[in-house]
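Derivation of every value follows stated rules applied to the coordinates shown; laboratory data play no part. These figures come from a predicted structure and were not determined experimentally. Glycine gets a Cβ as well: all are built from the backbone with ideal geometry, and neighbour counts include every protein chain shown.
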Amino acid sequence: MFDLWGLEADDSRRMTTRVLNPLEADRPQLATTLLPALLEALVRNVSRGLVDVALFAIAQVVQPTEQTRGVGLIPVDRRPTDDEIAMLDASLPRQPQHVAAVLAGLREPRGPWGPGRPVEAADAFEAVRIIARASRVDVTLRPAQYLPWHPGRCAQVFVGESSVGHAGQLHPAVIERSGLPKGTCAVELNLDAIPCSAPLPAPRVSPYPAVFQDVSLVVAADIPAQAVADAVRAGAGDLLEDIALFDVFTGPQIGEHRKSLTFALRFRAPDRTLTEDDASAARDAAVQSAAERVGAVLRG
């Protein structure tokens, strides 16, 4: 596979680790990148008629360094010495966790609406952003030249100033030599190089029933509905579990350059059953907040 990619002889991805007892005799090398296996799976899917394909994998890769070396067998009739344990630790290659994906065929299906849209480099870049959002980190994409990617459609991915991988469309020559679909795209990131964010706390689920009320507010026509919803939420407090806009009305009854927004409100307490009076008090506070923040008037 690396020959098909045209990698230089000293490319670090060629520095593989050989296994003494491999599961497959013809594959004795541990992977330094997840892409070869994914691309083989892509070719296999396409050969079976599945032409619109998106595959991903999350797994460890094994990346030897110049310091990585083989060691002799340690006797099993005694506990290893501290020096022997240190020697074993020093001999281990890096084993970071990677995530990789390959995309081919149509990103948007063909149909009465049009011919569909083929996968392009932007889809690989969006895959990077999806991973970044899930990890809650900011990433920067910079133009790069890195095989097997197309030099004009490849981005190196950075978190801060640390490189964490590459994404884009594969080089046309690599696609042709490997028997891949035209325009195949790929992404591979080192997850261990992406900082771990603080855990997201799960929302508390209340076992008590909800109380539903609606509220209609009249505001200036140029006031965004989201601004009104934010004001309502701020005033209603913690008892407001959900707010949803379900009606917008304009007309002479409302007044010129005015509109009426009707929201469905769901109230719930974490520790007791709410009464209608509890919900009405929270609703009144929400109306007061909307009046102060966006000039809203309760519709009669």
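Some notes on this structure:
- All positions within the stretch 29-60 that are part of a loop (DSSP other than H, G, I, E, B), in contact with a strand residue (DSSP E or B) (Cβ under 9 Å, 6 or more places away or on another chain) and more than 19 Å from ARG13 (Cβ to Cβ): VAL51, ASP52
- Number of the condition not met by ARG266 [criteria: (1) in contact with a strand residue (DSSP E or B) (Cβ under 6 Å, 6 or more places away or on another chain); (2) assigned to a helix (DSSP H, G or I); (3) within 22 Å of SER206 (Cα to Cα)]: (2)
- Count of residues meeting criterion [small (Gly, Ala, Ser) and part of a helix (DSSP H, G or I)] in the stretch 238-258: 0
- Test: VAL228 is among the hydrophobic types (A, V, I, L, M, F, W, C) and over 32 Å from the mean Cα position of the chain (by Cα): no
- Filtered residues of the stretch 274-300 (kept if part of a helix (DSSP H, G or I), more than 30 Å from PRO207 (Cα to Cα) and among the hydrophobic types (A, V, I, L, M, F, W, C)): ALA291, VAL294
- Just one of the listed residues (PRO93, PRO118) is touching a Lys or Arg at 6+ places or on another chain (Cβ under 8 Å), touching a residue at least 60 places away in the same chain (Cβ under 8 Å) and surrounded by 12 or more Cβ atoms within 10 Å (Cβ to Cβ), and it is PRO118.
- Candidates ASP26, ASP3, filtered to the one that is free of Cβ contacts under 8 Å to residues at least 40 places away in the same chain, assigned to a helix (DSSP H, G or I) and surrounded by fewer than 17 Cβ atoms within 10 Å (Cβ to Cβ): ASP3
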